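Scroll down for the structure; my scribbles are underneath it.
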Amino acid sequence: MEDYALPVVPDGVRAAIDHLVAKREAVILSHYYCRPEIHEVAHFVGDSLGLSQEAARNPAKVIIFCGVHFMAETASILCPEKTVILANIEAGCPMADMITGDALAARKKELNGVPVLTYVNSPAAVKALSDICCTSANVVAVLRSLPSKTILMTPDKNLAIHAQKFTPEKEILTWPGFCPTHHRLNLAEILALKEAHPQAEVLAHPECQPKILKEAHFIGSTSGIIKRVADSSKKEFIVLTEEGVLHPIRKNNPGKVFFTPRTAMVCPNMKKNSLENIISALENMDPVIKVPEEIRIPALRAVDRMMAVPRD
Ligand code: 13P
Ligand code: SF4
């Protein structure tokens, strides 16, 4: 059995956050990839799809978003009446930066009417030019919901190649984007890890490269991986996604053991969010993320279409 020490949130910090949350009528949302102490003060911790759904349904007037910029933008797209604050304005996403509205507009012109499916890990201006969005939790269901055979999928090439395997009836055109945190995994290291722990179930996120996914027993979104650990009869797991998921899975599965690659799977942007940022965001009501209406309305159409598709 693994010993797992829970992160400590100093009493004074917790009291300050609770006081400010009540004063601002706020809710704190965190992605699983944020630091463990952020999970402990957040009112909701989820994957990209779960966070969008929670932002839309939570009655709070103020959303403090612990995640990266595109996630706060998605909340702003869904809930223009709420004040959405990104805890740390420096928290961007390199994959989202691998596509722009102008670049997508140029590609759409070349493709002449091919529908565009865009991963939520993208700027609002790209969503606005897309027919529908997806997350790693619903990508296959979203693809199957589209009548067209040929679809351009942006920006994550690895996710597109993974989804193609489940939708042979489709022709998926890809965009050359990737998540540096997942893409950098080294095959030799994963093979050695499997050899060292032959009983372990290998769990991987679809942002990993195809050669890595081939070695996995289970491929799923962040929430999918967390659920799989709870449901599996296995006692050992090799976890191939951002290390933030280790907090909930270690906390909730004390009888199970987890192995991770030596190549650190850390998203430096998610880790920029801190308890101090949360206090500052609540005190100053800043930095606000607000998507302009001319982008928000078409982006909402693409996000709403995704939200109407049930999860896999
Ligand atoms: P999910 O939250 O959909 O698993 O995506 C992982 C990710 O990279 C978020 O930035
Ligand atoms: Fe972007 Fe990857 Fe970080 Fe997710 S984990 S925010 S895709 S860099």
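Below is a table of values for the structure above.
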{"quantity": "Shape category assigned to the stretch 161-222 from the gyration tensor of Cα positions, a/c cut at 1.5", "calculated": "prolate"}
{"quantity": "Helix-only CD estimate at 222 nm, as mean residue ellipticity for the chain, using -39500 (n - 2.57) per DSSP H run (n ≥ 4)", "calculated": "-12000 deg cm²/dmol"}
{"quantity": "Which of ASP102, ASP3 has the fewest Cβ neighbours within 10 Å, and the rest in rising order", "calculated": "ASP3, ASP102"}
{"quantity": "Dipole magnitude of the stretch 215-259 about its Cα centre (Cβ charges: Lys, Arg +1; Asp, Glu -1), debye to nearest 20", "calculated": "240 debye"}
{"quantity": "Cβ-based charge dipole, the stretch 166-206, positive-most Cα from LEU193, LEU173, HIS183", "calculated": "HIS183"}
{"quantity": "The stretch 119-131 - phi-based ³J(HN,Hα) in whole Hz, Karplus 6.51/-1.76/1.60, Gly and Pro as x", "calculated": "4, 4, 6, 7, x, 4, 5, 6, 4, 4, 9, 9, 7"}
{"quantity": "Cβ-based net charge around GLU169, under 11 Å, with every Lys or Arg adding one and every Asp or Glu removing one", "calculated": "+2"}
{"quantity": "Estimated distance in nm for a label pair at GLU169 and ALA188, the labels positioned 7 Å out from Cα along Cα-to-Cβ", "calculated": "4.4 nm"}
{"quantity": "5 angstrom amide H check on GLU236, placed H, neighbours 5+ away", "calculated": "GLU201, VAL257"}
{"quantity": "The stretch 139-198-the stretch 217-277 distance, computed between alpha-carbon centres (Å)", "calculated": "19 Å"}
{"quantity": "Residue (of GLY255, ILE297, VAL309) at the positive-pole extreme of the stretch 208-312, dipole from beta-carbon charges", "calculated": "GLY255"}
{"quantity": "Rounded, prolate or oblate (a/c below 1.5 giving rounded, otherwise prolate when a/b exceeds b/c) for the stretch 170-312 by Cα gyration tensor", "calculated": "prolate"}
{"quantity": "Given charges at Cβ of Lys, Arg, Asp, Glu: the chain dipole, positive-most of ASN158, HIS43, CYS93", "calculated": "ASN158"}
{"quantity": "Within the chain: Cβ-based charge dipole about Cα centre, in debye rounded to nearest 20 (Lys, Arg +1; Asp, Glu -1)", "calculated": "680 debye"}
{"quantity": "At least 18 Å along the helix axis (C-alpha) and Kyte average at least -0.5, DSSP helices within the chain", "calculated": "11-24, 293-307"}
{"quantity": "Under 5 Å, built H, 5+ apart or other chain: amide partners of LEU173", "calculated": "ILE151, LEU152, MET153"}
{"quantity": "Three-way shape call for the chain based on the alpha-carbon gyration tensor, with the a/c threshold at 1.5", "calculated": "oblate"}
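Computed from the coordinates by the stated procedures, all read-outs in this text should not be read as laboratory data. Source: prediction; values computed, not measured. Here Cβ is always computed from backbone atoms with ideal geometry, including for glycine, and neighbour counts include all displayed protein chains.
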